Every structure is written in C-alpha cells, then in structure tokens.
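Beneath this line is the structure, given in structure tokens, with notes to follow.
The values are calculated or read from the model by the stated rules, or taken from the named source; none is laboratory data. Just so we're clear, the structure is a prediction, and the values are computed from it rather than from any experiment. Virtual Cβ from ideal backbone geometry, glycine too; neighbours counted across all protein chains shown.
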Amino acid sequence: MLKEQHRFFRSVLIACDTMLVVAASVLAYYARFYWFADVIPPQGSSFSYQSHAIPVMIAAPIMLLAMLWTGLYQPRRDQRFHAEAWAIIKAVIVGVALLITLLTVFRRFLLDGRNLSTVQYALFAVQCGMLLLVWRYAFRVMLRTLRSRGWNLRRVAIVGTGRLGQVVLHTLRRNTWTGIHPSFFISHHGETSRRRCAGVPVAGGLDDLERVLDENEDISGVFIALPGKMAATMPELLMRLERYSVDVRMVPDMNPKYLPVNMAVSELDGMPVLSVRESPLSGWGRVAKRALDIAGGAAALAIFGVPMLIIAALVRLSGPGPVIFRQERMTVNGQRFNLFKFRTMTHVDAEQQQLRDAGRGTDAWTKPDDPRITRVGAVLRRFSLDELPQLFNVLLGEMSLVGPRPERPELIDQFRQDWRGYMLRQNVKAGMTGWAQVNGLRGDTSLRKRLQYDLFYVRNWSLRFDLRILWLTIFRGFVHRNAY
C-alpha cells in the first residue's frame, strides 16, 4: 500500500519535473534571443531554435539525476518545504554545472562547434529553479487541501493499543504524505472497556474483530501491531482477516536500538527473510567504494609520493629502527592485517611497549612532550603525516579511505565485552579517516562517543557520505589538538 502510493506519486513528480525542465530550456531560448535581446544584445546573428534551444533539452535527464541525488524522490515527505526547496536549489546548481560541462566537452557533436550564451545558461537555471519550486509547493498545497477535505485518504485500523500500536499511530500522523488516516484502534486484548487511545477511538477488542470490520466497510487496510508476547496468535489473526478485502501490514515488535543497521525485508524462493544485521556494503555499493579507494588512493600517492620519500629519509636519520612500523590491526569481518605507519618513536621497543600497555588496559595514549617520540615523529604526529603509508593498505584492499579506525585485536576482544554493539564497526572496512575523526574524536577522547559516530557511519553509509568525509578531512583531518 505505502510502496504503491509512493510509486504513483513519484511517477507524477518525475513526469511533471521533466516537462518543467524542458519548458525552462525553451523559455530560456526565447528570453535570451527575443525578450531580452534589446537589453543584452546577443553576439552574432547565427542562432535558431534547433541550434540553441533543443541542445539545452538534454538537461532533463541530467536534472532528474541531480534531483534523485539530492533525495527529491525519496518516499518520506514529512519535512517542511524549506528542506525540499534547498534540495531543489542544490539539484539545479549541480544539474546546470553538469549541463555546461557536457555541452562544452561535446560541443563539436552537440552544438556544431558553437558555444551557448552564458546569459542563456543563467536564465535557464533561474527559470528551472523557479518553475520547480512553484510546482513542488503547489503539489504540497494541493495534496494537503484534498486530504483535509477527506479526498485521497486511506482509512485504516490499528490492531494493538500497546506501545507498538501507538508508535504506528504517531508515525502515520507524522507522514501525512501517505494519505493514510488511522480511524480507530482494535485492542490486542480479547475484550476491552477502553474507549480511546492516544486520542483515537478504540472500537473493540480482538473478539470483536469481525463485527468492527463489518460495521466499517470504508476501512481499506489494517496495521497489525501486536506485542511480541502475542506472536503465537498471529497465524489465527491473519486467517480471520482473509475474509476481508483489506490490505494487511504487520509491524514487528522490535526495539530500534537493537537494530544497529537498517533492517531490510527480502524473499528467497518464497520464504520471507528479515535482514536484521548485515554489511551495508554489498553489490554495487561494494564496487563503488572499492573504485573510490583505488582512484583516491592512487591520486593521494601521486600527490604525497615525493613528500613521503622525504619523510622516509628524515625518519631514517632520526634514529635506529625501521622507517615503516607495522602494527597488527583488525578490519572487516575480523580479518587481521599489518597496518603501515612511519616510525615516530625512538625505537621499536617503545612502540611495542605502548601496545602491551594498551592490551593490559593501561593508559597508553601519548602525552605532550612524550620522551619516547622523536622530533621528526612529533611533527609527523602533529600533522597526521605518520598515517600516509596506510595508502598502501588501501590499495592492497586491507583498508578503505573512509571507515572506522582499525583497532588492535586485543583491544577489540576487550571492547566487544564492555561495549554493546562494538562489533558492528567490523561490518565495514577500517578506514584512514572516518566520521568520528572529522568530528574531532581523535587521540585521548571518549571511546563511547567515538563508537556512536562509527555506528552512525555504518548505519547511514553511502558513497556521497564517503565523499563528504573526505572533503572534511582536508580541513579537519590533518591537524588536531589531540594529535601528539
């Protein structure tokens, strides 16, 4: 029911958005070369509808992709209009930038070697943005008006007056875009004297199910929100509902705090499967992230290659010991690997002692003016340059550019017992930088807070999120007050 409604509204939005983008390209042509021609005379006289209007129409698929990227076709529309307006503005900026790039690169094929007017691009951007903003606002007002008058509403009953049933009620009330109106409750008790729940009538108990549905023929759907202890009664309840032509949806009684990753429902040869916990990186997501790691890692090596050679020479001159120090860490699915770092302490034994202290639970964080750290090492730590060799870990596939920072096996064995949900970090590859790091959680900072940020990243991973973190790393990731 929800999915079908969203598909319908999304089809309407896509069709209207496409027509408006095409209309903006036509209006931009006439505005530039006819309506405003006296104000800003065009250079030359060789222009026509075929040469200067039709090429801009390829903005339609580009703009739709940009709007998809900014989330304008997501099913949730409970946010206020200003959030949608900002998404439209971002989509127009990105779409016009891509259009200009495409027409400039392929102007020989698309424009016969000509350049379109800058004024025409500007007019197209303004008109496209205004048309989309007015249309989307009008669409919202129209739906709100229709539904306030009782049109396009789906009246549903909620079976269950407990905590879960009230959660369903409040969720439907927040997401008014669905047009689903909770008309009444049916108590999960056989009989009830309760008459209202959260301001909504209670029509009866489970023993009255058939009578209530017979008396309310306008009900188009039922949301089953029974407490978990009543799961055994579900088959009988479903059989009773088979007599009625209503949509039936079940909401499982599962506390969201125990669902660390977005749960998905799938089907395997007719068998329903609930994915309570799985890695968010699968299919094309895994391919895209790996492609970003290879491209970004190679580009970073090209930029930092010469500085890394200079740093290696300085580390070699700073004292005895290897230039590269290796530490055993854990990454996705508990796999162990050797993490590469430039040596920053006076000798290898100092690094190993730090690891032993951490394994015993001793405070092993380095302090300002730590005598174990060389002068070169202090500079490297201050600017996070000792982490640069991990680019090779990224290219080897042992790490990612973005992800939770890798921890030592002995610390993970300790934290998995002390911190609930800690192992969910291991659902993705360890990273050189992460959401916790760009938010200032480095060095001797709260482990609980750092875990919260890491789990937020795992739950909400996307390629766009990775790109955002990489961008923030440029400004926040290299220098930090706790880096010493």
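Quick look at the numbers
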quantity	calculated
Within segment 386-419, considering residues that are of a type in the set (Phe, Trp, Tyr) and over 26 Å from the mean Cα position of the chain (by Cα), the one farthest from Lys449 (Cα to Cα)	Phe392
Close pairs from segment 303-316: first touching a residue at least 40 places away in the same chain (Cβ under 8 Å) and over 15 Å from Arg381 (Cα atoms), partner surrounded by fewer than 17 Cβ atoms within 10 Å (Cβ to Cβ) and not β-branched (Val, Ile, Thr), Cβ under 6 Å, at least 6 apart	none
Condition check for Asp207: of a type in the set (Asp, Glu) and in contact (Cβ under 8 Å) with a residue 60 or more places away in the chain	no
Residue match in segment 155-167 (condition: closer than 30 Å to Val12 by Cβ, crowded, with 17+ Cβ neighbours inside 10 Å and either without any contact (Cβ under 8 Å) to a residue 24 or more places away in the chain or among the small types (Gly, Ala, Ser) (or both))	yes
Test for Asn439: is it at pLDDT below 80, polar (S, T, N, Q) and in the same structural domain as Val306 (by TED's automatic domain parsing)	no
Test result for Pro307, assigned to a loop (DSSP other than H, G, I, E, B) and either closer than 23 Å to Met423 by Cβ or at pLDDT 60 or above (or both)	no
Test: residue in segment 7-23 that is modelled with pLDDT under 55, among the polar types (S, T, N, Q) and not in a loop (DSSP other than H, G, I, E, B)	no
Qualifying residue in segment 341-356 (condition: at pLDDT 80 or above and part of a loop (DSSP other than H, G, I, E, B))	yes
Residue check, Leu472 surrounded by 14 or more Cβ atoms within 10 Å (Cβ to Cβ), at pLDDT 85 or above, among the aliphatic types (A, V, I, L, M) and assigned to a helix (DSSP H, G or I)	yes
Top-ranked residue of segment 138-148 - restricted to ones that are loosely packed, with under 14 Cβ neighbours inside 10 Å and within 14 Å of Glu84 (Cα to Cα), ranked as modelled with the highest pLDDT	Ala138
Residue list for segment 260-304, filter: modelled with pLDDT of 85 or more, over 16 Å from the mean Cα position of the chain (by Cα) and basic (Lys, Arg)	Arg290
Inter-residue pairs, beta-carbon under 7 Å, first more than 18 Å from Leu467 (Cα to Cα) and in segment 394-412, second assigned to a loop (DSSP other than H, G, I, E, B) and of a type outside the set (Ser, Thr, Tyr), 6+ apart	Pro406/Met399; Pro406/Ala430
Checking Asn175 against (1) within 30 Å of Gln452 (Cα to Cα); (2) modelled with pLDDT of 90 or more, the condition it does not meet	(2)
Residue match in segment 224-245 (condition: within 30 Å of the chain's Cα centre (by Cα), at pLDDT 90 or above and surrounded by 11 or more Cβ atoms within 10 Å (Cβ to Cβ))	yes
Pairs, first touching a residue at least 24 places away in the same chain (Cβ under 8 Å) and among the β-branched types (Val, Ile, Thr) in segment 451-466, second outside any helix (DSSP H, G or I) and buried (at least 22 other Cβ atoms within 10 Å of the Cβ), C-beta under 9 Å, six or more apart	Val458/Gly403; Val458/Pro404; Val458/Val428
From the options Val39, Val105, Val94, residue that is outside the structural domain of Arg249 (by TED's automatic domain parsing) and either in contact with a Ser or Thr (Cβ under 6 Å, 6 or more places away or on another chain) or modelled with pLDDT of 75 or more (or both)	Val94
Looking only at segment 403-422, and only at residues there that are in a helix (DSSP H, G or I) and charged (D, E, K, R), the one that is modelled with the highest pLDDT	Glu410
